[in-house]
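Since every read-out is calculated from the coordinates, none of them should be taken as a lab result. Every value quoted in this text rests on a predicted model; they were computed, and no experiment measured them. Please note: Cβ atoms are built from the backbone with ideal geometry, for glycine as well, and neighbour counts cover all protein chains shown.
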Amino acid sequence: MQSFVFSNDFYKTIDLMVHTSGHEQCKPSHSYGPAVRNSYMLHYIHSGKGIYQTGGKTYSLQAGDLFLMIPGERIFYQADEEDPWVYSWIGIQGMKAEEYIRRSCLFQQKVCHLFADSKIPAIFEKLKPLEISKNFDLLYNCCAWEMVYQLAEEFPVARSKEALHASDYINIILNYIEQNYDRPISVQEIADHMALDRSYVHRIFKKAMDMSVKEYILSVRLANACSYLLYSDLPIGDISRSVGYEDVLYFSKLFHKKKGLSPSQYRTEKRIEYQIQSGTHPDQLPEVRHSLFMTRPE
């Protein structure tokens, strides 16, 4: 007996989302497959028993077990004839789905038994609809992120610090700078954040990016300052503080040194160039939305 099924408009969210979920009290010997699924399907068994087959293996499962189906992999599962299972499921899709689920050993093991204090059952409870509301998509997509987080936390892939590659560290550094360029940050702060030696951070970044961390931070700040000057009417002081410089005079001198123009001159000249090239009047330039705004140097 199927209690409910939810289906989401997953084309509106590309990174990660719940595209379906449900809850079912199965009849004796109820089965699905052999077939393949088009999303990462997680089934949590509340009670009863059954079998799950994937990758040439058969798993006997019971209450408290969680099993994973991977898109494109042939699967089959069946409820027990005498004690059929009751389970809830969640289907997750998105460009980041595989990357995040791979952080859990469940990706390789396919099945696991939840700990007594696991927070995963509570996520399935949230997915049981009481009433449809205009914010239901937010609730369900929140559950998708919470699910992959709890999987990674409760069943992490064993990975030592030494197993990380320099490229992994570079991505962490780039992301940290993107999230913090609007305030004073230092190479030492970044190294401390990663629990690495400052000289090591400097060395691997210089090798990968052909510039120092300090030079990259400066280039990110100036790239964003240029965009603010072109696409907004913010005062120079506001722009200076928005890219991490409290001292407006220092910012202006630094900008002139690197760009050959003062911030005001840059705004005027680049807007004229933009108008000539696009036929758009400066007053019609798109407004910068700070919460969505990040420019990496070219």
29 Å Cα-Cα threshold exceeded, pairs from K27/K110; K110/K207; K206/K257:
K110/K207
Phi-derived 3J(HN,Hα) across segment 20-33 with the Karplus relation (6.51, -1.76, 1.60, θ = phi - 60°), rounded Hz, x for Gly and Pro, is 7, 7, x, 9, 8, 9, 6, 7, x, 6, 4, 9, 9, x
Taking only the Cα positions of segment 74-191, the convex hull volume per residue in Å³ is 202
In nm, the gap between the two label points placed 7 Å beyond Cα toward Cβ at I170 and K27 is 5.8
